[in-house]
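One structure is given below, encoded as structure tokens.
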Amino acid sequence: MSSEEENIGGAQSFPGGDFADARHALGLSFEQLTRELRLPVRTLESIENGQLEKLGGPVFVRGYIRTYARRLKLDPDRYVALYDRLLGTTDTRSTVRMVGTVSTSPARQSRSLMRFGTFVFLLAIVGTVVWWWQTQYSIDAVIAPEHDAPVTVDTADGNTLVLPPLDDGLPSQEDDLNSALPEVASSAQATEDVESRDMDQEEVAALQEGGATPGAGEDTGVEAAGADGVVSDSETESFAGGLGAEGLSLSLAEDSWLSVKDANGRSLFNGIAKGGQSLDLKGAEPLAVVIGRASAVSRIEYAGEPVDISGVSNKNVARLTLPASQR
Amino acid sequence: MFKKIRGLFSSDLSIDLGTANTLIYVRDRDIVLNEPSVVAIRVNGNQKSVAAVGTDAKRMLGRTPGNITAIRPMKDGVIADFHVTEKMLQYFISKVHDNSFLTPSPRVLVCVPCKSTQVERRAIKESAIGAGAREVYLIEEPMAAAIGAGMPVDEASGSMVVDIGGGTTEIAVISLNGIVYAESVRVGGDRFDEAIVTYVRRNYGSLIGEATAERIKQEIGTAYPGTEVFEIDVRGRNLAEGIPRSFTLNSNEILEALQEPLSSIVQAVKSALEQCPPELAADIAEHGIVLTGGGALLRNIDRLISEETGLPVIVAEDPLTCVARGGGKALEMLDKHAFELLTYE
């Protein structure tokens, strides 16, 4: 191993003596070199004495060493590398690592993947929206059945009976839901079909009692309304059964839109109440009642007490909260 | 929002968008790309597409058929063709990102000439944004060069840097993280090549291309007469005969050819020294002038400036990458306290 390699390998000081020796060998004075290299005498002396810290920043010191070494026909790279080792800098040069040659078709591969990813993302969003909509729709269907949808039953002799809605006042429900649900008593609706056939009450009653509507109660879970199951224009029956005087009771002379909600926001009735229909609605107090056509109401009572809706009607629309004390 | 997500998969970049070469420094990874700023455009009817970028495109310069045009979108340090520059940047940015799934959207620091106009800076910024950058910061080239060369820019001491690039030469006196005086002359490596082409045409009656002129400059070019004389054999088209001819050039001839652009640079350096405040001039006289940029690789250019100014002149280590490395260092300090180094439109 040569002395220079040893210096580079484990030098503790800069070998400025090499520069002094080379200068003496070439017979050059500081004055000559200063004129030639434009470097101050102090700089040249500092290099020869190995006192490089006096020369300023590393960028300048490297330049001085390189210039001086080149003039003295020494290897500048070797002395600069030695200086870098003393400084603790391993390599000041940047090794440019090429990322690859430029292809002749610089179309990006990521573009197709990006498109595919975007497509999958949009598909997922659409799927989520559809799923959410379907979920909401089915919940709405369960929560808000059509209160005023009548049940049509074909009898054995070809006649048609129209019965009140199935969901209101289901006495056969076995679970606790029955107690939570509002008990709605609705009068049997006299349909125009029945009326057009001029069927009297006795004939209808006979049909009901004689099992002319087989499976009406079993198949649908709905028992024939009322004790005799007679569909009547005048007679009012309570579908909820046994409501008593408590709750809201109202009768309508003509068709009117009606909405009744209890304190939990549950809809007790929401839809068109037919003229001649009587309703007994019961729910958690207070009840929010909106009557679309106040003049159509012939009777309205709450807890057995008549309610005056003339004062709460605006443009024939009555909005009231019952009992009135909780308004 | 997508840019932010893509930004998570992108590295911060410092781009030395030079007239001759584009260098990209990736944060924590050093310089990863050094390609010529050349784009080859293929024309099919009314449609234009990129045929090649970088080294391959440069190889096509002067050798293209009618439907391909190899162009250099940067001229004199600023954008000459906005859309082609954008395409070139887009390609380089995607090239330095390993991730091929998401289009990269990095934070980018671009070096701009110190005397570029607001419009030119805005063009560079817009171009980088168009190429997919999430955020774009600008830094003046001499400041980046000084940082990259390792000069003590933050000290209360004058430092003079001369960055000889492909299109421009930037001269700046820096102290306390700021540029005290800056000058930019539109003379650089390209002007050297043009001067060689002109010299050969005038003295040999032959036409040579830019690529040949650049090779001559790199192999035997010198800025100051030395003891050694180098020679090179070149081939060009003889203008009188119209056929290719071979002839020999030597380094003294190239020195003669380069006299005009070199004197412009020397004049600019002298002018900067004249304009410099006396305290800073004293610092510069003590430490010397630092040369960076590809032009600093021209043989004996430090000697020329030293002789002309009477000051010590130092060529920075790895001068070609100083600007990109300096930009990279500024980028690494960006989140801390380097905002004073940056420039604004």
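The values are calculated or read from the model by the stated rules, or taken from the named source; none is laboratory data. Quantities reported herein were computed from a predicted structural model and do not represent experimental measurements. Cβ atoms come from the backbone with ideal geometry, glycine included; neighbour counts cover every protein chain shown. Note: accessible area is taken over every heavy atom of the protein model, side chains too, but ligands, DNA and RNA are not part of it. Shrake-Rupley method; radii C 1.70, N 1.55, O 1.52, S 1.80 Å.
Select from the range B:102-121 the residues that are surrounded by 21 or more Cβ atoms within 10 Å (Cβ to Cβ) and among the hydroxyl-bearing types (Ser, Thr, Tyr) and write down the one among them that is nearest to the other protein chains (Cβ to nearest Cβ).
Among those residues, the one meeting the criterion is B:THR103.
Condition first: over 25 Å from B:GLY189 (Cβ atoms), modelled with pLDDT of 90 or more, in a loop (DSSP other than H, G, I, E, B) and more than 14 Å from every other protein chain (Cβ to nearest Cβ). Can you find one or more residues in the range B:277-296 that meet it?
Yes; the residues of the range B:277-296 include at least one that is over 25 Å from B:GLY189 (Cβ atoms), modelled with pLDDT of 90 or more, in a loop (DSSP other than H, G, I, E, B) and more than 14 Å from every other protein chain (Cβ to nearest Cβ).
Counting only residues that are open to solvent by less than 20 Å² (accessible area, probe 1.4 Å) and in a loop (DSSP other than H, G, I, E, B), which one in the range B:323-343 is modelled with the highest pLDDT?
So in the range B:323-343, the residues open to solvent by less than 20 Å² (accessible area, probe 1.4 Å) come out as B:323-324, B:326-328, B:330-331, B:334, B:338, B:341-342.
Okay, now just the ones that are also in a loop (DSSP other than H, G, I, E, B), so B:334, B:338.
Values: B:LEU334: 72, B:ALA338: 49.
So, considering only residues that are open to solvent by less than 20 Å² (accessible area, probe 1.4 Å) and in a loop (DSSP other than H, G, I, E, B), the one modelled with the highest pLDDT is B:LEU334.
Within the range B:124-135, can one find any residue that is of a type in the set (S, T, N, Q), touching a residue at least 24 places away in the same chain (Cβ under 8 Å) and away from chain A (no Cβ under 14 Å)?
yes
Has the range B:181-197 got at least one residue that is without any contact (Cβ under 8 Å) to a residue 12 or more places away in the chain and outside the structural domain of B:HIS287 (by the TED database)?
For the range B:181-197, residues without any contact (Cβ under 8 Å) to a residue 12 or more places away in the chain and outside the structural domain of B:HIS287 (by the TED database): absent.
Do we have any residue at all in the range B:45-68 that's among the acidic types (Asp, Glu), within 23 Å of B:ALA211 (Cβ to Cβ) and modelled with pLDDT of 85 or more?
Filtering the range B:45-68 down to residues among the acidic types (Asp, Glu) leaves B:56.
Now drop any that are not within 23 Å of B:ALA211 (Cβ to Cβ), which leaves B:56.
Okay, now just the ones that are also modelled with pLDDT of 85 or more, so B:56.
Yes: one or more hits.
Pairs please, first residue from the range A:108-133 and aromatic (Phe, Trp, Tyr), second anywhere and modelled with pLDDT under 90 and open to solvent by less than 90 Å² (accessible area, probe 1.4 Å), Cβ atoms under 8 Å, 6+ apart in sequence or on different chains.
none
Output the strands (runs of 3 or more DSSP E) that fall wholly within the range A:271-318 and possess 2 or more residues being in contact (Cβ under 8 Å) with a residue 60 or more places away in the chain, or say none.
So the answer is A:278-281.
Would you mind finding the one in B:ILE124, B:ILE129, B:ILE139 that is touching a strand residue (DSSP E or B) at 6+ places or on another chain (Cβ under 7 Å) and surrounded by fewer than 18 Cβ atoms within 10 Å (Cβ to Cβ)?
B:ILE129
Just checking, does the range B:247-266 include any residue being over 30 Å from B:ILE305 (Cα atoms) and touching a helix residue (DSSP H, G or I) at 6+ places or on another chain (Cβ under 9 Å)? Full working, then the answer.
So the first thing to find is which residues in the range B:247-266 are over 30 Å from B:ILE305 (Cα atoms), and the list is B:247.
Now narrow it down to the ones that are touching a helix residue (DSSP H, G or I) at 6+ places or on another chain (Cβ under 9 Å): B:247.
Scanning the range B:247-266 turns up at least one residue that is over 30 Å from B:ILE305 (Cα atoms) and touching a helix residue (DSSP H, G or I) at 6+ places or on another chain (Cβ under 9 Å).
For the range B:297-319, give me the residue count where each residue is at the interface with chain A (Cβ under 8 Å from one of its Cβ atoms), touching a residue at least 24 places away in the same chain (Cβ under 8 Å) and open to solvent by less than 30 Å² (accessible area, probe 1.4 Å).
6
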